[in-house]
Every structure is written in structure tokens, then in C-alpha cells.
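Read-outs throughout are calculated quantities, based only on the coordinates presented, and are distinct from any laboratory measurement. Fair warning: this is a prediction, and the values are worked out from it, not measured in the lab.
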Amino acid sequence: MTLKEMTYVCAFTMAEILLSLTIIGVVAAITLPSLTGNINERTWNTQRKALYARFSQAIALMPALNGYGTLTEGDSSTSAVDTAAETFVTNGLSKVLKINNICDSEHLDDCGIPAKITALNGSIAFSSFPETLGAYNDMFNGSFYDEYNSITYSYSQTDTKVAAFETANGESIAVYYNPRCQAEVRTANSSEQVYMQSRMCANFVYDLNGIKGPNTVGKDIGFISVLYPSDSMVVAPVPLINSVGSGNQRQAGALCLKTDSESRLPNKEEAAALFYNRTILGLQAANPIWTGSLYDSSHAWHQSYKTGLSFINDRDYVQPQVFCVKR
């Protein structure tokens, strides 16, 4: 066989090359979005955990979280002055956390806060970012029906304005602040049920990459809640979107693990954080949810999504919906 004949036998035709490139292109088009999505998920998860660690360390350095800011409630002759959240950031948080830029409620976009956010369930949480705590969660200001005690309960709290800031790491953070937050109460008259609104000192809604997108909860958007003015607890639960079934409190933890090996029941404070952020989560819990926090060997804490009431219940009570979170 001559050299010319050997070259001819080993060569590819143009049609074969084009067919190979087409196959490679199709495979790439199918697999690349999935690979890119997985990389983004891992990146966001790493960033989220790092942000939570920094906030936990910073809050631990603050002696107390309440009392910051100018907060004067207006009357018929005086308009209300509200710089509580902004001052909490400038005079408190910025002393223990590296912050590059601080914005008031009218200039949130200057700190990279997106106007439109997609909730965890895929719905649009809001088309413009809520400028007050009451607008973010109406259970902080107004009247609502308490189905457990069969009464209409009025919960009224000063409706503070949101502030925002950018961290040195490039995250955009909106903060809702309660300057009159209260400590955990453990007395004979109040230990069995308490509305958790007043226990929230600060609620941070973060965007890991500013306005770039996808601006979706569970991806680049999430929240960090801080409860109790001293000996504060910092929580940042990532909830599973759907109920994992029904069961009593003793069974609920196993239901979480069966659904996802990294999930578990929220503790009392994490369940309260889910209530605080119910709008951007889009979770539909028709009934109270179990927590992993025990009151005693026979009772555990329940959290209502409807009212904010945290109360104890028998651990053998079967709850129609069990919700789980990841840390």
C-alpha cells in the first residue's frame, strides 16, 4: 500500500467532521446549563455560610442590639422621625462588621438592593422592595385573628423604615430593625406561649451578588434573623419548599432526614425566622409547624405562620404539615 493510499484511508470526510461537531454541540448545549447551575449553587452555598459566620461573629461582639437610632413617633403636630435602622448600622453594626456603603430607605438601589425578588416557591414576592417592617410582614403592625385562643389580637409595633448597606465582600444587605426588641422570657405566666414579633431585633435580607440576578430566594437571596437584645441568637435557615408529610414531633425529624439527608426540624428561633420572612419564602403552612426545640420530655415548641405565636404542644400530637430546614 502506498503512502498516498494510507493517507486516504485514515482521513475523515467533511460530512463526518460536521456531524461530529454537531453531536458535540448538542451534548454541550444539554449539559452546560446543568454544570453551570451546579457551580452557581455551590458558590452561593459557600458564600451564604461565610456570610452567616461573619454576622454571627459580629453580633456576638455587640453588647446589646436594642436602643439604637432616632425613633420619634409623630402626632398631629409633629411628623415621625425614623432613622433607627440606619443608625443601628452606622453606630452599631459598622463597628464590628466591614461595611463599604450605607443607604437609607429611599436609596436602596444605591446599595445594590433589587426591586423585584422571586420567592422560594417561584412566585414574585414583591415588585418593589418593602420600605418598612410592617410592609415586609404585616403581622408586625395590625390586628389579626388568633385561632388558638379564638380572639382578635392586635399587635402594634413602631413601623420602622428599612436601611441597606454593602459589605466589604460585595454582598448587598437590607436590614429591618426593631429598637425595642425583648429578651426571651421564661416565667410561669409567659413561658408556654409568646408572640415572637417582639423577640426579633434585626432581620437582614441579603443578595450575594447585588442586582446581577437571578434575585431568587434559595439561590443568591436569603435572610439572617437576630433574636433577643442580649445573648442574641443569629439564625439563617434554608427551608425545604414543601411539607414532607404529617406526623408527631417524635416522627418529624425522621421525616426530614428521609426527604433530605442534610435537613432537620427548625429550632424555635429558626421557626420564628421563617415566620418573619414568610413573604419572600412563599411557604404555605396552613397549620403551625413543629420545631426541634423541646419544652420538656413530653412537650415541644410549635410555631404559627399566621400569627407569630410560639407555644408548646404534646410531642405525640400529629401535625398535618411538617416543614424542614437546612443550616
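Observations
- When the C-alpha to C-alpha distance is required to be over 22 Å, the pairs from 212/306; 49/98; 116/268; 116/219 that qualify are 212/306; 116/268.
- Compactness of the range 224-327 - radius of gyration and Dmax, Cα, Å: 12.6, 36
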